[in-house]
Amino acid sequence: MYDEPQEDPAEQSLDPKAQAREKSDEFRMHAELAAVFEGPRKFDAQLVPGLEADLAREIQRTMGRLEKAKTPDSPILPQPVAADAANLLSLPKAGGPSTNDYHIHRRPGEVMIVRWLEGEQVETYYERLQAHFDVAMTAYRQEERSAREWKQDPKTLAYFDALDAIEVKMADRYLRNEIRKLNLFVLSTQTADEINIAYLADHIMGASAAEVVGNASAPPEEPTEQDLAWFFKLFSLRGIVEGVERMCFFTFLQKTDEGW
């Protein structure tokens, strides 16, 4: 899953602690991607096409307003937009969209996916998020030592020490305790100029690309790199509404091919 890149002079010049933090951040983002999208493969979550266009656009606009409302250095949403966040997290109530499932709105070359979690589903999400990170970090430490420990140069050994010192509690990193204790609403985002749609669909979700983006936008049987490339942005909204811990993930995908 993680191909070791060729080291270049810029990377070699990094402080070992900074280099270890960068690798940790990379694994954290991969862990979030896996925990958000593994539902069909791990938890019987369904792909539910037909999300109404008006609702999809309203969710998109709301997420955009929330993102603009927070300061660049904090994912905590200010009080003036708390009602918007609460309303968005509460949409599955009273016969609304189901939780756990992936609600999909499609247009040619564009896809919006919304997933809500609540209660025990949120607990499971954080458990999986931590597990994905821990597995990736442990495997990387072992691989690095196996491949490079023979060098015994001070910088490499310092890098190993920095990797060993990393201990990330994902719930803390995503402010779960603060959300629960202080009744905060928190929004974080993850963006990729190009994501491999087959990797996202087949490997993480356990579904075909056509099931996710639709037949019209799916890559051909023998795709090129451009056929597989989609712009990707994930919004992760968390908070407590009426005493229940809730999450809403909104994903925007757009084909990067200039032909769309």
Residue tally, condition part of a helix (DSSP H, G or I) and either β-branched (Val, Ile, Thr) or at positive phi (or both), over the range 210-235: 2
Check on Glu194, at pLDDT below 95 and touching a Phe, Trp or Tyr at 6+ places or on another chain (Cβ under 8 Å): no
Over the range 96-121, the set of residues of a type outside the set (D, E, K, R), out of contact with any Phe, Trp or Tyr (no Cβ under 7 Å at 6 or more places or on another chain) and surrounded by fewer than 19 Cβ atoms within 10 Å (Cβ to Cβ) is Gly96, Ser98, Gly119, Gln121
Name every residue in the range 171-228 that is loosely packed, with under 13 Cβ neighbours inside 10 Å and farther than 28 Å from Glu67 by Cβ, in order of residue number. Asn215, Ala216, Pro220, Glu221, Glu222, Thr224, Glu225
Scope the range 46-80; condition without any contact (Cβ under 8 Å) to a residue 60 or more places away in the chain and farther than 20 Å from Arg115 by Cα; matching residues: Lys68, Ala69, Thr71, Pro72, Asp73, Ser74, Pro78, Gln79, Pro80
Being of a type in the set (Ser, Thr, Tyr) and modelled with pLDDT of 50 or more is the filter; apply it to the range 1-31 and report the residue that is nearest to Glu167 (Cα to Cα). Ser24
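Condition check ((1) modelled with pLDDT of 90 or more; (2) of a type outside the set (S, T, N, Q); (3) assigned to a helix (DSSP H, G or I)) across all residues:
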| site | (1), (2), (3) |
| --- | --- |
| Pro97 | yes, yes, no |
| His105 | yes, yes, no |
| Ile113 | yes, yes, no |
| Gln121 | yes, no, yes |
| Tyr126 | yes, yes, yes |
| Tyr140 | yes, yes, yes |
| Ala147 | no, yes, yes |
| Ala162 | yes, yes, yes |
| Glu167 | yes, yes, no |
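Return yes or no: is Ala207 assigned to a loop (DSSP other than H, G, I, E, B), farther than 18 Å from Gln19 by Cβ and touching a residue at least 40 places away in the same chain (Cβ under 8 Å)?
When the stated conditions are applied, Ala207 passes them.
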Scan the range 19-33 and give yes if some residue there is in a helix (DSSP H, G or I), of a type outside the set (S, T, N, Q) and under 19 Å from Thr99 (Cα atoms), otherwise no. yes
Those residues of the range 68-105 which are closer than 30 Å to Gly206 by Cα and within 17 Å of the chain's Cα centre (by Cα) amount to Asn100, Asp101, Tyr102, His103, Ile104
In a helix (DSSP H, G or I) and in contact (Cβ under 8 Å) with a residue 40 or more places away in the chain: is that true of Lys155 in this structure? yes
Checklist (1) under 17 Å from the mean Cα position of the chain (by Cα); (2) over 23 Å from Val122 (Cβ atoms) applied to Ala31, failing item: (2)
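The values are calculated or read from the model by the stated rules, or taken from the named source; none is laboratory data. As the structure is a prediction and not an experimental result, all values here were calculated from the model. Every residue, glycine as well, gets a Cβ built from its backbone with ideal geometry; the counts of neighbours run over all protein chains shown.
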